[in-house]
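Undergrad: One structure, pasted below without further comment.
The values are calculated or read from the model by the stated rules, or taken from the named source; none is laboratory data. Small disclaimer: the values here were computed from a predicted structure and weren't measured. Using ideal geometry, Cβ is built from the backbone for each residue, glycine included, and neighbour counts are taken over all protein chains shown.
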Amino acid sequence: MGETIEGEVFDAKLAGKIICLVVEDTKVGVQRIRQIFDGRFHLIVVGYLEDAENTLRTLAAQKLLDVVVTNLTIKRDLDGFQVFKMVKEVAQDVLIVVWTKHSDSEIQRALQAGADFGVRKYTDDEASMAEAIIAVLKQRKEEEI
């Protein structure tokens with residue numbers, strides 16, 4: 001197993017795991033995302049701009065990141081729209097998923113800003129989020145061939 005975050009992620013990637021950066025700043029949110037993904041993805045959880053930016057740039061530069069799941073509102077110094085911008089600057093092919101309690105109009109605004117799709121927290125839609133991510137990533141791989 002790798003001793004650095006890059007080594008850990010590289011090992012997970014070799015094992016066929018989907019690499020998912022989760023930008024969420026609450027323990028409840030992190031626990032919920034772990035339940036939704038149920039071990040199918042390798043999760044890297046960050047909640048603040050410095051952590052998110054450094055981790056994102058490192059993993060994206062090495063083409064190790066598959067998906068970013070982000071809340072729209074994150075305490076302290078970061079919001080989901082900043083996350084979209086960082087992702088698009090370094091890795092245009094990374095799937096961006098908004099996972100939020102905000103209204104459908106805010107999710108629509110996020111889609112216009114660069115998110116690939118949005119899911120409202122604590123709704124029935126959450127149950128299918130992992131399957132939707134897997135389906136989109138699979139479709140993208142097939143399109144590359």
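Undergrad: Of everything in the range 11-26 that's on the phi < 0 side of the Ramachandran plot and of a type in the set (Gly, Ala, Ser), which residue is surrounded by the fewest Cβ atoms within 10 Å (Cβ to Cβ)?
TA: Ala15
Undergrad: Take the range 66-110 and flag every residue that is of a type in the set (D, E, K, R), within 21 Å of Val9 (Cβ to Cβ) and either buried (at least 20 other Cβ atoms within 10 Å of the Cβ) or without any contact (Cβ under 8 Å) to a residue 12 or more places away in the chain (or both). Please lay out each step first, then the result.
TA: Here is the first cut: in the range 66-110, the residues of a type in the set (D, E, K, R) are 66, 75-77, 79, 85, 88-89, 93, 101, 104, 106, 109.
If we keep only those that are within 21 Å of Val9 (Cβ to Cβ) too, we end up with 66, 88-89, 93.
Within the range 66-110, Asp66, Glu89 qualify.
Undergrad: Please go through the range 83-106 and pick out each residue that is touching a Ser or Thr at 6+ places or on another chain (Cβ under 9 Å) and of a type in the set (S, T, N, Q).
TA: Across the range 83-106, the qualifying residue is only Thr100.
Undergrad: Still on this model: Return the residues of the range 29-70 that are at pLDDT below 80, of a type outside the set (A, V, I, L, M, F, W, C) and in contact with a strand residue (DSSP E or B) (Cβ under 8 Å, 6 or more places away or on another chain); say none if nothing qualifies.
TA: Gly47, Tyr48, Thr55
Undergrad: Can you find even one residue in the range 115-136 that is in a helix (DSSP H, G or I), free of Cβ contacts under 8 Å to residues at least 60 places away in the same chain and under 17 Å from Leu65 (Cβ atoms)?
TA: Residues of the range 115-136 that are in a helix (DSSP H, G or I), as a first pass: 124-136.
Then keep just the ones that are free of Cβ contacts under 8 Å to residues at least 60 places away in the same chain; that gives 124-125, 128, 131-132, 135-136.
With under 17 Å from Leu65 (Cβ atoms) added as a condition, the list becomes 136.
Looking through the range 115-136, at least one residue is in a helix (DSSP H, G or I), free of Cβ contacts under 8 Å to residues at least 60 places away in the same chain and under 17 Å from Leu65 (Cβ atoms).
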